[in-house]
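Trainee: One structure follows; several queries about it will come next.
The values are calculated or read from the model by the stated rules, or taken from the named source; none is laboratory data. Keep in mind the model is a prediction, meaning the values are calculated, not measured. Every residue, glycine among them, receives a Cβ derived from its backbone with ideal geometry; neighbour counts consider all protein chains shown.
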Amino acid sequence: MSTLTQDFQLIDFNNVGLFIDGTWRLTGSKGTFDVINPSTKKVVASVPKGGSQEAKEAIEAADKAFPAWSKLTAYERADYLLRIRDLLLEKQEEIGTIISLEMGKAFKEAVGEVVYAASFLTWYAEEGKRIYGETIPALDPSKRLIVIKQPAGVVAAITPWNFPIAMMTRKLGPALAAGCTSIVKPASQSPLTALAFAKIIELANVPKGVVNIIVGSTGEISDEIFESDIVRKVSFTGSTAVGKDLVKFSAKTLKKLSLELGGHAPFLILEDADIEKAAEGAVLSKFRNAGQTCVCANRIYVHEKIATQFKEAFVRKTNELVVGESINEDVQVGPLVNKDGLEKVQEQVKDAVEKGAIIETGGEEIPELDGYFYKPTILSNVNNDMLIMNEETFGPVAPIVEFAEIDEVIKEANNTEYGLAAYIYTTSLENAITVSERLQFGIIGLNDAAPGVAQAPFGGIKESGYGREGGHQGISDYLEEKYISLKI
Ligand code: SIN
């Protein structure tokens, strides 16, 4: 039983339902599970736990809905996307509250995420109208060669808890615009945002079965998705370890896959950088979402000649951050999502300190708060033997390393199996271009700590995955190309 007294219109916390074929399922074949507020460790809601049965029904519903949805014109589908977008924007505060309660994102940032989520719908409503084919000049004068693009079919989106609404629209926007129907499996830490979104799908009168949202047993649901020959494509955002398993599972039916996986982003501050801007960028990149983004700065490399000034500015700005219960409007940094998240951070800091790191600020929990809080932390005197320099942190801890030569720092930055995002702060045009070209990452934030936007391709190389989301590129994974050879 939820203790929330606030008036919510998209979700009844005491009667949460899964959304399959346009209907609400208030019970799950696997019982129920609790969603915990990481700021307070209190139960937010109890949610029906789905499994194979619900997954099968969702796949069937999406399959049944596909012929009619794929036959609509891109203009008709765009109207639906824009209606969903308008409702999201209208309900941004309510959805922001739900995000904040279930996964601990600071409320204002959570509302910002809803606006970000809406931008993918605006973009793909338009991009769907530009799914152009090709005609190819033929060698044989009696032939006409044509390429058309068609929707891939039923697709599945497996979405993470750290951006519970934006990662859903970043996948569903292009999928729906392309004419695909869908099953969404959100992370178990953030089912309520997804189910509130299901209510928006219903309010927007999207035909039954076009979007199905099921939560519950991750193993059973993903087994059904990967065993099914109806599901033609899966888009996953999550850890590299799980991504690698999905590659194996996808082999059975040769499903298309796009994978947005882990990161270990280097943040390079060159000798000619604007120090205040670099410190501001480091705070944004590192402490946004309490350090729980795949693209957040994980290793900060600063040129030795400006290291003291940078450290002073970075510590000063970090100490200004307001940490607290995520639902409070003035809070900028909330808790970690759960105990495991907190323990990983504690372990990395302990290991670093044991190996000689110096705590410049933070380095401890916040005992006066009940949730999974850790103070925004900066470590110096860091080296490559420490866990923090080798693993994704996913928490509010910034290790600083000094360097002397650009070649040396580029080598260090690239010395990782990950390749999602990297950052460079410099005022030199030459360095901006040459260092961007030499870094082996899919996204470069050049004097920009938050490069993700709906208009541009987001994704990694190496073990950070493949496929791109956002931009005109983001719709291509949801399409199949068909070549038609016409003999006249
Ligand atoms: C992510 O961390 O996966 C998403 C970050 C973003 O879109 O800016």
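Trainee: Just to verify a result, which residue in region 210-250, among those that are among the β-branched types (Val, Ile, Thr) and in a strand (DSSP E or B), is farthest from the ligand (Cβ to nearest atom)? Spell out the reasoning first.
Mentor: Keep residues of region 210-250 that are among the β-branched types (Val, Ile, Thr), which gives 210-211, 213-215, 218, 221, 225, 230-231, 234, 237, 240, 242, 247.
Among the residues that remain, those that are also in a strand (DSSP E or B) are: 211, 213, 231, 234, 237.
Details: Val211: 21, Ile213: 20, Val231: 23, Val234: 17, Thr237: 6 Å.
Checking each candidate, the answer is Val231.
Trainee: Check region 433-446 and report whether any residue there is within 15 Å of the ligand (Cβ to nearest atom) and assigned to a loop (DSSP other than H, G, I, E, B).
Mentor: Yes: one or more hits.
Trainee: Can you find, within region 89-113, the residue that is farthest from the ligand (Cβ to nearest atom) among those that are of a type in the set (A, V, I, L, M) and surrounded by fewer than 24 Cβ atoms within 10 Å (Cβ to Cβ)?
Mentor: Leu89
Trainee: Picking from Ala45, Ala68, Ala61, Ala55, which residue would you name as being over 24 Å from the mean Cα position of the chain (by Cα), crowded, with 22+ Cβ neighbours inside 10 Å and either assigned by TED's automatic domain parsing to the domain that holds Ser222 or assigned to a strand (DSSP E or B) (or both)?
Mentor: Step by step, each of Ala45, Ala68, Ala61, Ala55 is checked, and only Ala61 is over 24 Å from the mean Cα position of the chain (by Cα), crowded, with 22+ Cβ neighbours inside 10 Å and either assigned by TED's automatic domain parsing to the domain that holds Ser222 or assigned to a strand (DSSP E or B) (or both).
Trainee: Give me a count of the residues in region 205-254 that are charged (D, E, K, R), surrounded by 17 or more Cβ atoms within 10 Å (Cβ to Cβ) and under 20 Å from Lys30 (Cβ atoms).
Mentor: 2
Yes/no matrix, rows are residues, columns are (1) aliphatic (A, V, I, L, M); (2) in contact with a strand residue (DSSP E or B) (Cβ under 7 Å, 6 or more places away or on another chain):
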{"position": "Ile230", "(1), (2)": "yes, yes"}
{"position": "Phe236", "(1), (2)": "no, yes"}
{"position": "Lys255", "(1), (2)": "no, yes"}
{"position": "Glu271", "(1), (2)": "no, yes"}
{"position": "Ser285", "(1), (2)": "no, yes"}
{"position": "Arg288", "(1), (2)": "no, no"}
{"position": "Thr293", "(1), (2)": "no, no"}
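Residues checked against (1) of a type in the set (Gly, Ala, Ser); (2) surrounded by fewer than 24 Cβ atoms within 10 Å (Cβ to Cβ); (3) not assigned by TED's automatic domain parsing to the domain that holds Asn384:
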| position | (1), (2), (3) |
| --- | --- |
| Ile269 | no, no, no |
| Asp274 | no, yes, no |
| Lys286 | no, no, no |
| Gly291 | yes, no, no |
| Asn298 | no, no, no |
| Thr318 | no, yes, no |
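The rows are residues; the columns are (1) closer than 30 Å to Lys41 by Cβ; (2) polar (S, T, N, Q); (3) crowded, with 24+ Cβ neighbours inside 10 Å.
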position: Thr135; (1), (2), (3): no, yes, no
position: Lys143; (1), (2), (3): no, no, no
position: Pro160; (1), (2), (3): yes, no, no
position: Phe197; (1), (2), (3): yes, no, yes
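Trainee: Take Ala177 and tell me if it is under 27 Å from Glu93 (Cβ atoms), surrounded by fewer than 24 Cβ atoms within 10 Å (Cβ to Cβ), of a type in the set (Gly, Ala, Ser) and in contact with a helix residue (DSSP H, G or I) (Cβ under 9 Å, 6 or more places away or on another chain). Before the answer, list the steps.
Mentor: Working: under 27 Å from Glu93 (Cβ atoms): yes; surrounded by fewer than 24 Cβ atoms within 10 Å (Cβ to Cβ): no; of a type in the set (Gly, Ala, Ser): yes; in contact with a helix residue (DSSP H, G or I) (Cβ under 9 Å, 6 or more places away or on another chain): yes.
Answer is no for this residue.
Trainee: Which residues, counting only those in region 251-296, are within 12 Å of the ligand (Cβ to nearest atom), closer than 27 Å to Val331 by Cβ and assigned to a strand (DSSP E or B)?
Mentor: Hit for region 251-296 is Ala265, nothing else.
Trainee: Continuing with this model, one more query. Condition check: more than 12 Å from the ligand (Cβ to nearest atom), in the same structural domain as Thr122 (by TED's automatic domain parsing) and either at pLDDT 95 or above or surrounded by 15 or more Cβ atoms within 10 Å (Cβ to Cβ) (or both). Does Gly419 satisfy that?
Mentor: Here the answer is no, as Gly419 does not meet what is asked.
Trainee: Mind listing whichever residues of region 114-171 are part of a helix (DSSP H, G or I), within 16 Å of the ligand (Cβ to nearest atom) and either outside the structural domain of Ile84 (by TED's automatic domain parsing) or within 30 Å of Glu57 (Cβ to Cβ) (or both)?
Mentor: Once the filter is applied, which keeps residues that are part of a helix (DSSP H, G or I), within 16 Å of the ligand (Cβ to nearest atom) and either outside the structural domain of Ile84 (by TED's automatic domain parsing) or within 30 Å of Glu57 (Cβ to Cβ) (or both), region 114-171 yields Val114, Ala117, Ala118, Phe120, Leu121, Tyr124, Ala166, Met167, Met168, Thr169, Arg170, Lys171.
Trainee: Any idea which residue in region 25-39 is farthest from Gln53 (Cα to Cα), counting only those that are of a type in the set (S, T, N, Q) and surrounded by fewer than 19 Cβ atoms within 10 Å (Cβ to Cβ)?
Mentor: Only one residue fits best here, namely Thr32.
Trainee: Could you please tell me which pairs satisfy a Cβ distance under 8 Å, a separation of 6+ or placement on different chains, a first residue in region 236-251 that is closer than 14 Å to Glu392 by Cα, and a second residue that is assigned to a helix (DSSP H, G or I) and within 13 Å of the ligand (Cβ to nearest atom)?
Mentor: Sorted first by the residue in region 236-251, then by its partner, the pairs are Thr240/Ser464.
Trainee: While we're looking at this one, here's another question. Could you grab me the full set of residues in region 221-245 that are of a type in the set (S, T, N, Q) and within 17 Å of Ile183 (Cβ to Cβ)?
Mentor: Ser222, Ser228, Ser235, Thr237
Trainee: Moving on. Quick check: is even one residue across region 328-350 in the same structural domain as Leu446 (by TED's automatic domain parsing), more than 27 Å from Pro451 (Cα to Cα) and hydrophobic (A, V, I, L, M, F, W, C)?
Mentor: Looking through region 328-350, at least one residue is in the same structural domain as Leu446 (by TED's automatic domain parsing), more than 27 Å from Pro451 (Cα to Cα) and hydrophobic (A, V, I, L, M, F, W, C).
Trainee: While we're on this one: Can you confirm whether Ser326 is away from the ligand (no atom under 16 Å from the Cβ) and among the small types (Gly, Ala, Ser)?
Mentor: Criteria met by Ser326.
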